[in-house]
Each structure stands twice: as structure tokens, then as C-alpha cells.
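> Dumping the structure here so I can ask a few things about it.
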Amino acid sequence: MDYTFDKDILDGLTAPKKHLSSKYFYDDAGSRIFQEIMHMQSYYLTDSEFEILSLQAKQIVDALEFNVPFNIIEFGAGDGFKTFKLLEYLEENNIAFHYIPIDISKEAIDMLTEKLKERLPNVSIKPKIGDYFKMLKELKQDTTPSLLLFLGSNIGNYSYDEATELLQLFNNNMKPKDKLLIGIDLKKNPITIHNAYFDKDGITKRFNLNLLLRINRELEADFKIDDFDFYCHYNPTNGEVKSYIVSLKKQQVYLKKLDKMISFSQNELIWTELSKKYNLIDIEDLATKTGYSVATNFLDCKHYFTDSLWVK
Ligand code: AVJ
């Protein structure tokens, strides 16, 4: 077991305002439920970014102005199906590159590698399993020009300060002229965002409650899932979607592996996720603040989402 998991869960559930990190959503079961979310009609982010990477692949590659071969280093690659369109364009146009997908989920990376080898057998792929931060240090030694991919609006999971720290860390481990293509969801009609994160079929609820099942498995806990519910709220002013698990009654949960009893009052919340939305001015500020300049914002046709190309 990852000691950090035990400690983070214990700290989060004993905090005055309970919280659990959404990075722990992605065990194998959680990664599979996230696949269902990505295919929900209401979860527009997937289609918007897929459209950009399909229809604007040429524009993105032209904007890189890289010598070949170059590295494409993807953080949190997931199943890689969006990135596939970019790789396919490069392959079809005989542009040489090495694809280095990085993810914390071994199952996700194995599936991605297997599928990519089937569909693009000639692609040079060097998969890595681990935490972005640890991988970044290793990659700094490589002199090949690199495009870093941080897609899917994963940056939204970080508060503004955490995002600043992460982007500065990327920057510190990039070479001059390296580039970062970062997917960022944009502020829009609050109803559209509400429907994407509080879906009526309860898939996002299942995604959140799966974390309690993971804690039951890995910490031998006795969460009764039916005694908890899911709630989500979008704040149109600051662009923050916040997700919560709600305790439906006064109850206690025993974490047997840590020999710790956790008390919940009725209606007590566990904050599980932040999904932050930006507008283009915010993105400009965030890039400048973290040592980049924005080369281009590639927008989908509805302008719901941008893949923003940043130059170090
Ligand atoms: C994978 C973190 C970008 O915040 O939109 C989807 C995860 N949470 N539905 C997001 C998520 C609820 C997703 N990210």
C-alpha cells in the first residue's frame, strides 16, 4: 500500500472540514467510471478537446516549429484516445517523434500502450508509470525538443496557487523553446457546467462514492455507501466546480487498518474535488505568472474549451 494514501485519507477524514483528494479517484474501478463520464453526452469536455486535436492537428504541429524527432510527453495520459488524433496526423505526415505517456494508473498505461501499438505500430512509445513530479526530473536530462501535453482540463483539479506551483515546476524542467499544450475548460453557461458535473444518471455520484469503496478495500473500512450521497456546485463568478460526498445521517466509520473511528454528523460534507474553469484573460495571466507566453489558444467550434499552446 502507498503509505501516502493511508496518511492522506486519515488526515482528510479527521480534518475539521473533511476532504479527500480527487487524485485517489483513479484506482482501476475509478478509471473505468471516468471512461463512462467521458462518454456522457453532457460531459462536453471530451468532445470539445477531441475536436480540437482532430481538426486542428496541423495547426498545432505547425505552431511547434520543432526539428525532428521531438518528444511528446503526456502527463495523465489516461486512455490517450484524444491524443491519438495528434499522433495519427504526425504518423501520416512522416513527422518523427517519441511519445512518452505518463500516468499513475498502470492499467491505464498498459491499455493505452497496447491500443496504440495496434493502431499506430510504427510509433516510438516510451510509457512511464508514476507521479508527474518524479518523472519531470528524469526528463530534464533529455536534450530532444519536447512538447508537454497536459490535457483534459486536469489543471482544473488544482487551486489557482497549486496550479501556479505545478506549472512553474513544469517550466523549471523544460528546456528553452520547449512547449506546453494545456487543455483548459472555459467558463460558460452555468447550466452546461452543472449538467456535466451533476449528471442525472448518477455516474459522477458513482465516481465519487467509488472512493469510499476504495477506502473500504484498502483500509478495511466499513463505509455504508447508501448512507452517503453526492452533491456538486458550480460558482459562475470564480469558475469553481466543487464536488462533495454528504453524510446522510449521524454515523461512525471504522478504518480497521489504521484502528481509527471516524465520526460524521448528519449532512456533514467531505469535499472531494475542484474542477476550475477559466476565461482567456485568466489563462494569459496564469501563463505569464508561471514563466510562459501564450503562443495560440486553439478553441473548439463552440468555444467551450481551449488547448492553449504555451512557450517557455
Ligand atoms: C479529469 C479532472 C479533468 O474535473 O472535469 C469529471 C474529472 N470530475 N467529472 C474534471 C471529473 C467529474 C475531470 N478531470
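> More than 12 Å from the ligand (Cβ to nearest atom), open to solvent by less than 70 Å² (accessible area, probe 1.4 Å) and either modelled with pLDDT of 95 or more or not small (Gly, Ala, Ser) (or both), is that true of Phe198? Step through it out loud before you land on a result.
On the way: more than 12 Å from the ligand (Cβ to nearest atom): no; open to solvent by less than 70 Å² (accessible area, probe 1.4 Å): yes; either modelled with pLDDT of 95 or more or not small (Gly, Ala, Ser) (or both): yes.
Answer is no for this residue.
> Can you pull out every residue in segment 233-257 that is open to solvent by less than 50 Å² (accessible area, probe 1.4 Å) and either among the acidic types (Asp, Glu) or outside any strand (DSSP E or B) (or both)?
First pass over segment 233-257, keeping only residues open to solvent by less than 50 Å² (accessible area, probe 1.4 Å): 234-235, 239-241, 243-247, 251, 253, 255.
The answer is Gly239, Glu240.
> Taking the conditions exactly as written (over 16 Å from the mean Cα position of the chain (by Cα), without any contact (Cβ under 8 Å) to a residue 24 or more places away in the chain and assigned by the TED database to the domain that holds Lys134), does Glu118 satisfy them or not? Step through it out loud before you land on a result.
Details: over 16 Å from the mean Cα position of the chain (by Cα): yes; without any contact (Cβ under 8 Å) to a residue 24 or more places away in the chain: yes; assigned by the TED database to the domain that holds Lys134: yes.
Here the answer is yes, as Glu118 does meet what is asked.
> Residues that are under 28 Å from Val294 (Cβ atoms), in contact with a strand residue (DSSP E or B) (Cβ under 7 Å, 6 or more places away or on another chain) and either in a helix (DSSP H, G or I) or open to solvent by 20 Å² or more (accessible area, probe 1.4 Å) (or both): does segment 108-130 have at least one? Steps first, answer last, please.
Of segment 108-130, the ones under 28 Å from Val294 (Cβ atoms) are 128.
Adding the requirement that they be in contact with a strand residue (DSSP E or B) (Cβ under 7 Å, 6 or more places away or on another chain) leaves 128.
Restricting the remaining residues to those that are either in a helix (DSSP H, G or I) or open to solvent by 20 Å² or more (accessible area, probe 1.4 Å) (or both) gives 128.
Yes - at least one qualifying residue is present in segment 108-130.
> Taking Leu147 as the residue in question, decide whether it is closer than 18 Å to Phe298 by Cα, in contact (Cβ under 8 Å) with a residue 24 or more places away in the chain, outside any loop (DSSP other than H, G, I, E, B) and more than 16 Å from the ligand (Cβ to nearest atom). Explain how you work it out, then say what you get.
On the way: closer than 18 Å to Phe298 by Cα: yes; in contact (Cβ under 8 Å) with a residue 24 or more places away in the chain: yes; outside any loop (DSSP other than H, G, I, E, B): yes; more than 16 Å from the ligand (Cβ to nearest atom): yes.
Yes.
> Follow-up. I need the full set of residues from segment 45-103 which are surrounded by 17 or more Cβ atoms within 10 Å (Cβ to Cβ), polar (S, T, N, Q) and within 17 Å of Ser146 (Cα to Cα), in order please.
Asn71, Thr83
> Of the conditions (1) within 15 Å of the ligand (Cβ to nearest atom); (2) in contact (Cβ under 8 Å) with a residue 60 or more places away in the chain, Gly239 satisfies every one except a single condition; which number is it?
Just one mismatch for Gly239, condition (2).
> While we're looking at this one, here's another question. How do the pairs read when you match residues in segment 259-281 that are within 16 Å of Pro16 (Cβ to Cβ) with residues anywhere that are in a strand (DSSP E or B) and open to solvent by 40 Å² or more (accessible area, probe 1.4 Å), using Cβ under 7 Å and keeping only pairs 6 or more apart or on different chains?
Taking only residues 6 or more apart or on different chains, the pairs are Ile262/Gln252; Ser263/Gln252; Leu269/Tyr244; Ile270/His19; Ile270/Tyr244; Trp271/His19; Trp271/Lys242; Trp271/Tyr244.
> Looking at (1) basic (Lys, Arg); (2) under 19 Å from His19 (Cα atoms); (3) more than 13 Å from the ligand (Cβ to nearest atom), can you tell me which one Lys205 breaks?
(3)
> Sticking with this structure for a sec: Scan the helices (runs of 4 or more DSSP H) fully inside segment 19-99 and keep the ones with 3 or more residues being of a type outside the set (Lys, Arg) and more than 15 Å from the ligand (Cβ to nearest atom). Steps first, answer last, please.
On the way: elements: 28-38, 44-55, 57-64, 81-92.
Output list reads 44-55, 57-64, 81-92.
> Here's a follow-up. Of all the residues that make up segment 276-295, how many are open to solvent by 50 Å² or more (accessible area, probe 1.4 Å) and either under 20 Å from the mean Cα position of the chain (by Cα) or polar (S, T, N, Q) (or both)? I'd like the intermediate steps shown before the answer.
Narrowing segment 276-295 to residues open to solvent by 50 Å² or more (accessible area, probe 1.4 Å): 279-281, 284-285, 288-289, 293, 295.
When the remaining residues are screened for being either under 20 Å from the mean Cα position of the chain (by Cα) or polar (S, T, N, Q) (or both), the result is 279-280, 288, 293.
Of the residues in that region, 4 qualify.
The values are calculated or read from the model by the stated rules, or taken from the named source; none is laboratory data. Nothing here was measured: the structure is a model prediction, and the numbers come from that model. Cβ atoms come from the backbone with ideal geometry, glycine included; neighbour counts cover every protein chain shown. Heavy atoms of the whole protein, side chains included, go into the accessibility calculation; ligands, DNA and RNA do not. Shrake-Rupley method; radii C 1.70, N 1.55, O 1.52, S 1.80 Å.
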